[in-house]
1. Sorted from fewest to most neighbouring beta carbons within 10 Å, what does the list THR136, THR362 look like?
2. Does the range 136-183 come out rounded, prolate or oblate by the C-alpha gyration tensor, with a ≥ b ≥ c the root eigenvalues, rounded set by a/c under 1.5 and, if not, prolate when a/b is larger than b/c and oblate if not?
3. As I understand it, the dipole of the range 49-142 uses +1 on the Cβ of Lys and Arg and -1 on the Cβ of Asp and Glu, about the Cα centre. Which of PRO106, ILE135, SER56 lies farthest toward its positive end?
4. Calculate the length of the line joining the C-alpha centroid of the range 59-132 to that of the range 218-243, in whole Å.
5. Amide H of TRP340: which non-local residues (sequence gap of 5 or more, or other chain) have their own amide H closer than 5 Å, using H built in the peptide plane?
6. Which value, in debye to the nearest 20, describes the size of the charge dipole of the chain about its Cα centre when Lys and Arg Cβ atoms bear +1, Asp and Glu Cβ atoms bear -1, and nothing else is charged?
7. Considering the options THR161, ALA172, ASN189, tell which one lies farthest towards the positive end of the dipole of the range 81-213, charges being +1 on Lys and Arg and -1 on Asp and Glu at the Cβ, about the Cα centre.
8. In a GNM of the chain with a 10 Å cut-off on Cα contacts, which of ARG220, ARG237, ARG310 has the highest mean-square fluctuation?
Amino acid sequence: MANMSMFCFWQLLLLLVIGMAFNIGSGQEGGENPFGPDGGRRVREMVPAMFVFGDSLIDNGNNNDLPSFAKANYFPYGIDFNGGPTGRFSNGYTMVDEIASLLGLPLIPAYSEASGDDVLHGVNYASAAAGILDITGRNFVGRIPFDQQIRNFQSTLDQITDNLGAIDAAQALAKCIFFVGMGSNDYLNNYLMPNYQTKNQYNAQQYADLLVQQYTRQLRTLYNLGARKFVIAGLGRMGCIPSILAQSTQGICSEEVNQLVLPFNTNVKAMLNSLNSNLPGARFIYIDIAHLFEDLITNSRTYGLSVVNRGCCGIGRNRGQITCLPFQTPCPNRDQYVFWDAFHPTEKVNIIMARKAFNGDTSVVYPMNIQQLATIDIEPN
């Protein structure tokens, strides 16, 4: 009984701390948060919190303890990150790490590791190999599909709501950013995999329709749970990643793969226009990752990038046939590379893309950028 009483005490304390944080987070610059990373000094927090859903491009450790082949909690991953290897599939920052920084937030903790006041500024639910479809990524065994990520968020939300009540919780959530980046694995680790029958069941347009039908349902679920400010990342030019380049003896982009994912991006844009029109109070913005990638390649020298077609860490053609292995020595000039490994960008590219998404024009993020989205005052319905 004593142990149970102590457990209940800590549960109550956690809920109290979460509730205080959401009450304090006003969404205005200069808000004071005594639980913040600076120990209570005034900090510039544009939103109370950011909740992150996605795959290995933004996973920051949720797969570490899963029985999964999709892990990055070993050196040289994190070689340029202050905490070393954390489970991030990068040499350093991911895109959402930089966005959190630009919003005035600390780095958002992984759901698998978040506890106590770690969750005060949001939670990252992303999982390497995860997809919109539950069956995506099964070749890696353990992963957390989007539907399960949403259920994990609901567990976090239940804690907040139990403490604040439904009305106050809704008011807090309406100010938060919800970042979603899904879909890559539904192609790389589903449609394009020989052990899946998907390619035989759907053509490119039919598959994009299937994915976005499911995606729409999932985003509506988040909306019904109280999310209002959404940042949705499109798919990049996946035919040009080192893993795909390595499948060509000439090491050139696969236009077949690039064309395959085009209907998905087109469908997602149409979906967001519809959701913005039909969901009261919702604001969905779209990051055109494909356009950002094309700009990086076309103007690579302007960005100080000189290696655009192979990974910094990996083995084989384009350093993309086998991805970065434990304790492999990566390239020394990482800031000159677009790709860190067979699939993922370097920290430098992640930061460039994040900054353009944060304050760029409508050619890369629309109908507004993240900075503008953060400053909009939305009342829950």
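1. With the sparsest Cβ surroundings first, the list reads THR362, THR136.
2. On the way: a/c = 5.22, a/b = 2.19, b/c = 2.38.
Taking the square roots of the gyration eigenvalues as a ≥ b ≥ c, the range 136-183 is oblate.
3. ILE135
4. Their Cα centres are 17 Å away from one another.
5. Here CYS312, THR346 satisfy the definition.
6. 660 debye
7. Value computed over the given set: ASN189.
8. ARG220
We did not get these values from a lab; they are worked out from the coordinates using the rules stated. Because the structure is a prediction, the values reported are computed rather than measured. We place every Cβ from the backbone using ideal geometry, glycine too, and count neighbours over all the protein chains shown.
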